[in-house]
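S.K.: Dropping a structure here in structure tokens format, bear with me for questions.
Every number here is computed from the coordinates shown, using simple stated rules; none is lab data. It should be emphasised that the depicted structure is a prediction, and the values quoted were computed from it without experimental measurement. All Cβ positions, even for glycine, are placed from backbone atoms using ideal geometry, and neighbour counts span all protein chains on display.
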Amino acid sequence: MTTNPGPNALQRARTILRQKLESLHRSGVQQITRLPQAAIPIVQEVAIVTEPPPDPSPAPEGAPREIPHVAAPVRLAEPAKPGSIPAVVAAPLVPATPLASAPSLTRDQRISALSVLRKEVALCRRCAELAEKRTQTVFGAGNPQPRLCFLGEAPGADEDRQGEPFVGAAGQLLNKIIAACTLKREDVFILNVLKCRPPGNRTPLPDEVANCRTFFERQLEILQPEFICCLGAVAAQTLLRSTRPVGQLRGKFHDYRGIRVVVTYHPSYLLRAPEMKRHTWDDMKMLMQAMGIPLPTS
Ligand code: URA
């Protein structure tokens with residue numbers, strides 16, 4: 001049985017909500033993302049051990065990043081339970097906050113947060129056409145504690161069928177690129193900007209990218225990589241909020257919330273233009289050097 005709240009209860013709820021919004025605004029929040037009801041998680045508080053702050057002197061180039069410990073609890077999303085009160089704030093509110101200074105999550109916390117987010121992604125129907133035509137969503141795969149993430153564009157036909165990113169022809173080339181960096185696929189995490197296959201592998205539409213942005217941003221918040229390698233223009237322009245082509249973005253490091261970002265050509269493009277592979281190899285060497293990975297001698 002449901003009972004209607006009286007006018008006093010509604011007034012109280014309005015006052016509490018207004019105070020909460022004013023407080024968020026004072027702390028710098030400009031915008032709150034409204035998630036579809038089915039996608040709104042509740043929030044679980046997880047205590048984090050407090051340790052003294054790390055030495056503030058800058059780490060040498062290429063050295064592993066120190067992840068500071070903070071007293072604040074980490075907020076992990078859980079799927080909404082029927083009848084539960086959803087958290088007003090589920091998506092990251094201030095995307096500009098450096099991830100490098102966020103509290104570090106343990107491996108188990110990451111696995112659990114990724115599993116919650118994966119379920120949320122699987123339920124998403126924000127892009128009606130993509131949700132209608134997909135076989136399944138493609139969340140991403142790999143090491144939950146990666147130093148490096150590869151960000152691609154969107155699943156293709158093979159990925160849509162298998163539910164894994166980069167498993168088709170472009171994936172075979174990406175595997176070779178990863179191996180050339182003396183890494184294994186299991187060392188890194190691979191994800192895409194879109195979690196659904198655009199029909200006919202067309203370029204994602206701006207609305208689709210906007211709808212899906214929160215998912216890869218939240219994945220990166222959980223994964224906390226030191227490095228991101230953007231594969232192709234859609235990944236690079238979306239992550240860096242740039243309109244510049246890959247040719248202008250590659251060859252140097254960019255910043256995404258304190259994470260060092262490398263841009264290179266998409267493996268699908270390299271399959272069509274193999275003469276560009278040497279540029280990608282240059283980009284990978286730059287990345288390896290920054291990661292402290294020895295370059296092959298030959
Ligand atoms: N191309 C992408 O950008 N991502 C994939 O997962 C596969 C192909």
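S.K.: Once the other residues with Cβ under 12 Å from the Cβ of residue 217 are scored (Lys, Arg +1; Asp, Glu -1), what is the net sum?
M.R.: Surrounding charge for residue 217 is +3.
S.K.: Separate question: What is the spin-label model distance, in nm, from residue 210 to residue 281 if the labels are put 7 Å beyond Cα along the C-beta direction?
M.R.: 4.2
S.K.: From the phi of every residue in region 185-191, what ³J(HN,Hα) in whole Hz does the Karplus formula 6.51 cos²θ - 1.76 cosθ + 1.60 yield, where θ is phi - 60° and glycine or proline is x?
M.R.: Residue by residue, region 185-191 yields 4, 6, 6, 10, 10, 10, 9 Hz.
S.K.: While we're on this one: Set the Förster radius R0 to 30 Å, insert the Cβ-Cβ distance between residue 187 and residue 101 as r into 1/(1 + (r/R0)^6), and round the FRET efficiency to 0.05.
M.R.: 0.80
S.K.: Here is a follow-up. Would you grab the residues whose amide H sits under 5 Å from the one on residue 261? Only those 5+ places off in sequence or on another chain, please, with H modelled 1.01 Å from N.
M.R.: It is 228, 254, 255, 256, by chain and number.
S.K.: So, one more: Take the cross-link list 133/285; 119/184; 176/252; 195/285 and give me the ones stretching past 32 Å between alpha-carbons.
M.R.: Pairs exceeding 32 Å: 133/285.
S.K.: Now, a different point. Among 266, 279, rank each residue by its count of other Cβ atoms within 10 Å, from fewest to most, as a rough exposure measure.
M.R.: The fewest-first ordering by Cβ neighbours comes to 279, 266.
S.K.: Among 231, 270, which comes first, second and so on when ranked by fewest other beta-carbon atoms within 10 Å?
M.R.: 270, 231
S.K.: Here's a follow-up. What order do you get for 99, 205, 148 when you list them from fewest to most C-beta neighbours inside 10 Å?
M.R.: Fewest-to-most Cβ neighbours within 10 Å comes out as 205, 99, 148.
S.K.: Gain in length, residue 161 to residue 255, computed as 0.36 nm per residue apart minus the alpha-carbon separation, to one decimal in nm?
M.R.: Result: 30.5 nm gained on full extension.
S.K.: So what's the convex hull volume per residue for the Cα atoms of region 196-235, in Å³?
M.R.: Dividing the Cα hull volume of region 196-235 by its residue count gives 78 Å³.
S.K.: Alpha carbons only, please: Rg and Dmax for region 99-291, in angstrom.
M.R.: Gyration radius and largest Cα-Cα distance of region 99-291: 15.5, 44 Å.
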